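Presented below is the structure to which this report refers.
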Amino acid sequence: MIRTHEVYAGALALLMCAMLGSATAAETITVSAKYGASGLLKDEISKGAKADVFASANMEHPQALHDQNKSGPVIRFARNTLCALVKPGLKVDNVNLLEHMLDPGVKLGTSTPKADPSGDYALEVFRKADAIRPGSQAALENKSLQLTGSADSAKPPPGRTVYGWHVAEGHADIFLTYCTNALAAQKENPGQQIVNLPDNLAVGADYGLTVLSSSSPVAKQFANFIMSPEGQAILMKHGFTPGK
């Protein structure tokens, strides 16, 4: 059995299904997946949790396992970007986005830095904002609500995306998350808006994976499929940019 620890549920879960049904696969592969904030999953593996393949929304967490001699080389398998998921009725575009983010009356949601790369990328947005309007970084860090990514974060009802759920429930008016997550949230909540960050605030995300040293040879086969044209096409179908 391959136990694949990963950071997001959508496209990689579909990759697993495709791997199971691939006509080119030499054998049937059973995949047991654990989803969660990749910083927390990385810590679990560091402390001895069993895993065969680890995938993260950054390169640093897989690299940390490699540096501990727990895994092989780190491969960038996909790219993503950060978007703003906005509640219905709030008139936000990429020109006035920063103004709304700084508005004391607007609730700004992020994930949890260090535990989840999405939170780290949000902090990078805040640093970029400071170059546009001095003092923005401190203001945004002070007002932002770290609603996801920690071990004790509130969980959405089954079948709901956490980002769309938080916005729908009024926990956040603007939520900084990956554009792929925003698309999934909008499918569940058609009134929610997706706003691309302007160039001076834009932040990209590199997704890395690594095969654990204790894994079976089939784990490498699974990683190879993710990097194959077929695997990359599945990622692109769900809004990712190829990692190659």
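The values are calculated or read from the model by the stated rules, or taken from the named source; none is laboratory data. In this text, all values refer to a predicted model and were calculated from it rather than measured experimentally. Ideal geometry is used to build each Cβ from the backbone, glycine not excepted, and the neighbour counts take in all protein chains shown. Remember, those area values only see protein heavy atoms, side chains included, never the ligands or the DNA or RNA. Shrake-Rupley method; radii C 1.70, N 1.55, O 1.52, S 1.80 Å.
Quick check: is even one residue across the range 131-141 in contact (Cβ under 8 Å) with a residue 12 or more places away in the chain, more than 16 Å from ASP103 (Cβ to Cβ) and not polar (S, T, N, Q)?
We begin by selecting, within the range 131-141, every residue in contact (Cβ under 8 Å) with a residue 12 or more places away in the chain; these are 131-133, 136, 139-141.
Applying the additional criterion that residues be more than 16 Å from ASP103 (Cβ to Cβ) yields 131.
Add one more test, that the residue is not polar (S, T, N, Q), and what stays is 131.
Yes - at least one qualifying residue is present in the range 131-141.
Of the conditions (1) charged (D, E, K, R); (2) under 27 Å from GLN137 (Cα atoms); (3) in a helix (DSSP H, G or I), LYS187 fails just one. Which one is it?
Only one criterion is unmet by LYS187, namely (2).
Check whether at least one residue in the range 225-233 is crowded, with 22+ Cβ neighbours inside 10 Å and in a loop (DSSP other than H, G, I, E, B), and report yes or no. Let's see the steps before the verdict.
First, the residues of the range 225-233 that are crowded, with 22+ Cβ neighbours inside 10 Å: 226, 231.
Now restrict to residues that are in a loop (DSSP other than H, G, I, E, B): none.
No: the range 225-233 contains no residue that is crowded, with 22+ Cβ neighbours inside 10 Å and in a loop (DSSP other than H, G, I, E, B).
So the check is Cβ under 7 Å with 6+ separation or different chains; which pairs have a first residue in the range 176-205 that's more than 28 Å from ASP130 (Cβ to Cβ) and a second one that's modelled with pLDDT under 95 and surrounded by 21 or more Cβ atoms within 10 Å (Cβ to Cβ)?
Pairs found: ALA184/THR161; GLU188/THR161.
Tell me, which residue of the range 50-70 that is touching a Leu at 6+ places or on another chain (Cβ under 8 Å) and farther than 17 Å from GLU124 by Cβ is most open to solvent (accessible area, probe 1.4 Å)?
Residue satisfying both the conditions and the ranking: LYS70.
Could you please find all residues in the range 183-197 being open to solvent by less than 10 Å² (accessible area, probe 1.4 Å) and in contact with a Ser or Thr (Cβ under 9 Å, 6 or more places away or on another chain)?
Hit for the range 183-197 is ALA185, nothing else.
Is it true that VAL218 is assigned to a strand (DSSP E or B), crowded, with 16+ Cβ neighbours inside 10 Å and more than 17 Å from the chain's Cα centre (by Cα)? Give the steps one after another, and end with the answer.
Working: assigned to a strand (DSSP E or B): no; crowded, with 16+ Cβ neighbours inside 10 Å: yes; more than 17 Å from the chain's Cα centre (by Cα): yes.
Against the criterion (assigned to a strand (DSSP E or B), crowded, with 16+ Cβ neighbours inside 10 Å and more than 17 Å from the chain's Cα centre (by Cα)), VAL218 does not qualify.
With the condition kept exactly as written, say whether any residue in the range 93-116 is small (Gly, Ala, Ser) and at pLDDT below 95. Before you say what the answer is, go through the steps one by one.
The initial filter retains those residues of the range 93-116 that are small (Gly, Ala, Ser), namely 105, 109, 111, 115.
Okay, now just the ones that are also at pLDDT below 95, so 115.
Taking every residue of the range 93-116 in turn, at least one turns out to be small (Gly, Ala, Ser) and at pLDDT below 95.
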